[in-house]
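S.K.: Here it is, the structure in full.
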Amino acid sequence: MFSDSSVKKILKKAGAERSSQSAVERLKKVIVNHALIIARKAVKNAGYLGRKSIKAEDIEEAIKPEEVQS
């Protein structure tokens, strides 16, 4: 889903001078897993509103921290 060069650019922006291939592969897996979690929440949010299309607001809602009830 993401190219190695894209992930290396992210690591460079974060301050890494160099990165191993295993680090690049691991970060790719983490990014994809987080993206899937967010996407599933966004799909659910759109569904609650009776929409099949995902909007930016669904993504925004999906990335909000969940409220903790006491």
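S.K.: For a quick check of understanding: with a 1.4 angstrom probe and all protein chains in place, what accessible area in square angstrom does I31 have, to the nearest ten?
M.R.: Result for I31: roughly 40 Å² accessible.
S.K.: When only DSSP loop residues count, what trypsin sites (Lys or Arg not before Pro) in the stretch 18-59 have their Cβ near at most 15 other Cβ atoms within 10 Å?
M.R.: Qualifying residues, ordered by number: R18, R51, K52, K55.
S.K.: Something else about it: When mean projected area of the Cα convex hull in nm² is calculated directly from the model, which label among (i) 6.8; (ii) 4.8; (iii) 4.4 fits?
M.R.: (i)
S.K.: Could you work out the relative contact order of the stretch 21-70? I mean the mean sequence separation of Cα pairs under 8 Å and 6+ apart, divided by the number of residues, in percent.
M.R.: That works out to 31 percent.
S.K.: For the stretch 31-38, what does the Karplus curve 6.51 cos²θ - 1.76 cosθ + 1.60, with θ = phi - 60°, yield as ³J(HN,Hα) per residue in whole Hz, taken in order and with x for Gly and Pro?
M.R.: These are the phi-based 3J(HN,Hα) values: 4, 5, 4, 5, 4, 5, 4, 5 Hz.
S.K.: Give the accessible area for S22 in Å² (nearest 10); use a 1.4 Å probe, count only protein heavy atoms, and leave out ligands, DNA and RNA.
M.R.: So the heavy atoms of S22 present about 80 Å² to solvent.
The values are calculated or read from the model by the stated rules, or taken from the named source; none is laboratory data. As the structure is a prediction and not an experimental result, all values here were calculated from the model. Positions of Cβ are backbone-derived with ideal geometry, glycine not excepted, and every protein chain shown enters the neighbour counts. Accessible surface areas use protein heavy atoms only, side chains included; no ligands, DNA or RNA. Shrake-Rupley method; radii C 1.70, N 1.55, O 1.52, S 1.80 Å.
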